[in-house]
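What follows is a single structure, written as structure tokens, with notes after it.
The values are calculated or read from the model by the stated rules, or taken from the named source; none is laboratory data. Just so you know, these numbers come straight off a predicted model, no measurement behind them. Cβ atoms come from the backbone with ideal geometry, glycine included; neighbour counts cover every protein chain shown.
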Protein chains: 2
Amino acid sequence: MKERYFDDLKAGYRVQSEPFEVVGKTIIEFAEKFDPQQFHLNAKSAERSIFKGLIASGWHTAAITMRLFVKTLNFAEGAIGLGVDELRWPNTVRAGDVLRVETEIVHLRPSRSKPHYGIIKVRNVTTNQRGEIVQTMLGALMVPRRAPDKTTRPQTTSQHD
Amino acid sequence: MKERYFDDLKAGYRVQSEPFEVVGKTIIEFAEKFDPQQFHLNAKSAERSIFKGLIASGWHTAAITMRLFVKTLNFAEGAIGLGVDELRWPNTVRAGDVLRVETEIVHLRPSRSKPHYGIIKVRNVTTNQRGEIVQTMLGALMVPRRAPDKTTRPQTTSQHD
């Protein structure tokens, strides 16, 4: 898969991820480690909750969204998360749901302190198989720029030394 | 452990979690599932990254923070996340770091649509063993209110029926 750089993007660019099925067992595994609450832990007790059934932790949805974002954008050397705003979970995620992430580049600029990097702002919208939005967020990330000589010469292995 | 309700809180209330050690193996496990980037996946390749070593995914830090928050506050019936703003990761988390979360209730009000619930806004600050801040966030959550008769009578098992 082609590796991406800051230089390959522009504001308004949109891309959609592959689908990802949320298996019920993984909802419980995630909850046991990170969000041990009855509506995430156990289908029976979740039935007595306000959700009337097992739902995924919002942080599980956020983590799945990161997986899909990272694999779709595939930045050379990786994307470094700086922060997130407006993270919302308007609908629940349940076992068997199939999620996709649509990423839009909403803003981008070169880094002021690190010449090898650019800062991008992205809006990630995560939807289920019915097109319902299960998560929205705005993320700021630092991503690598192509070194000036890289546009014409073969890639070297390090830009940081 | 005493279960907590909306009614037990007031603005300005602060509480600190127990410590939690971040084991290196779990940094890699989380990354393989949710954030497959070189500086989270493998100590060797992470050494060649801008971080000069393995670091935890910010989403892993967020998930650990949720665990510590949930266990410390221990809301009856659980706390339902509505959204998060100003999620930031000012310092990296590395294997062996010991994290704690300090929660401050910054605002609270009864739910307008659900009489059995209140809405709280919390600031969670996650620090490491050196007191460095590794994550900050503002979260909005829906938490249960005591039913009016619960202040004088023994608790019943359900408020939602």
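Apart from one condition, B:Glu32 fits all of (1) more than 21 Å from B:Thr126 (Cβ to Cβ); (2) buried (at least 17 other Cβ atoms within 10 Å of the Cβ); the exception is (2).
Mind checking whether some residue in region A:19-27 is exposed (fewer than 15 other Cβ atoms within 10 Å of the Cβ) and under 30 Å from A:Ser111 (Cβ atoms)? The answer is no; no qualifying residue exists. Taking the criterion of being of a type outside the set (A, V, I, L, M), more than 8 Å from the chain's Cα centre (by Cα) and closer than 16 Å to A:Glu18 by Cβ, the residues of region A:62-78 that qualify are A:Lys71, A:Thr72, A:Asn74. For first residues located in region B:36-64 and more than 18 Å from A:Ala62 (Cβ to Cβ) and facing chain A (nearest Cβ under 7 Å), partners that are of a type in the set (Gly, Ala, Ser) and part of a helix (DSSP H, G or I) and lie 6+ apart or on another chain with Cβ distances below 6 Å form the pairs B:Gln38/B:Ser45; B:Phe39/B:Ala46. When B:Leu82 is tested against (1) over 26 Å from A:Pro90 (Cα atoms); (2) in contact (Cβ under 8 Å) with a residue 60 or more places away in the chain; (3) surrounded by fewer than 20 Cβ atoms within 10 Å (Cβ to Cβ), only condition (1) is not met.
Return the residue satisfying two criteria in turn: it lies in region B:81-98 and is aliphatic (A, V, I, L, M) and facing chain A (nearest Cβ under 7 Å), and of such residues it is farthest from B:Arg146 (Cα to Cα). Among them, the one singled out is B:Leu87. Taking each residue of region A:100-127 that is closer than 14 Å to A:Leu141 by Cβ and without any contact (Cβ under 8 Å) to a residue 40 or more places away in the chain and looking for partners that are of a type in the set (Val, Ile, Thr) and surrounded by fewer than 18 Cβ atoms within 10 Å (Cβ to Cβ) with beta-carbon atoms closer than 6 Å, six or more apart or interchain, yields A:Lys121/A:Val106; A:Arg123/A:Val106. Output the number of residues of region B:17-41 satisfying the condition of being over 18 Å from B:Val134 (Cβ atoms) and in contact with a Ser or Thr (Cβ under 7 Å, 6 or more places away or on another chain). Of the residues in region B:17-41, 1 are over 18 Å from B:Val134 (Cβ atoms) and in contact with a Ser or Thr (Cβ under 7 Å, 6 or more places away or on another chain). Going by the structure shown, is B:Gly58 on the phi > 0 side of the Ramachandran plot and either at pLDDT 95 or above or acidic (Asp, Glu) (or both)? In short, no.
Looking at B:Asn91, is it surrounded by fewer than 23 Cβ atoms within 10 Å (Cβ to Cβ), touching a residue at least 60 places away in the same chain (Cβ under 8 Å) and polar (S, T, N, Q)? Spelling it out, it is not the case that B:Asn91 is surrounded by fewer than 23 Cβ atoms within 10 Å (Cβ to Cβ), touching a residue at least 60 places away in the same chain (Cβ under 8 Å) and polar (S, T, N, Q). Restricted to region A:120-146, and to residues there that are away from chain B (no Cβ under 14 Å) and closer than 16 Å to A:Glu77 by Cβ, the residue that is modelled with the lowest pLDDT is A:Arg146. Candidates in region A:5-35 are the residues that are within 12 Å of another protein chain (Cβ to nearest Cβ) and either without any contact (Cβ under 8 Å) to a residue 12 or more places away in the chain or over 22 Å from B:Met66 (Cα atoms) (or both); of these, the one that is farthest from the chain's Cα centre (by Cα) is A:Glu32.
Condition check for A:Lys2 on (1) under 22 Å from A:Val134 (Cα atoms); (2) in contact (Cβ under 8 Å) with a residue 24 or more places away in the chain: one failure, at (1).
In summary, A:Thr72 fulfils each of the numbered conditions (1) within 22 Å of B:Pro36 (Cα to Cα); (2) within 8 Å of chain B (Cβ to nearest Cβ); (3) not hydrophobic (A, V, I, L, M, F, W, C) with the single exception of condition (2).
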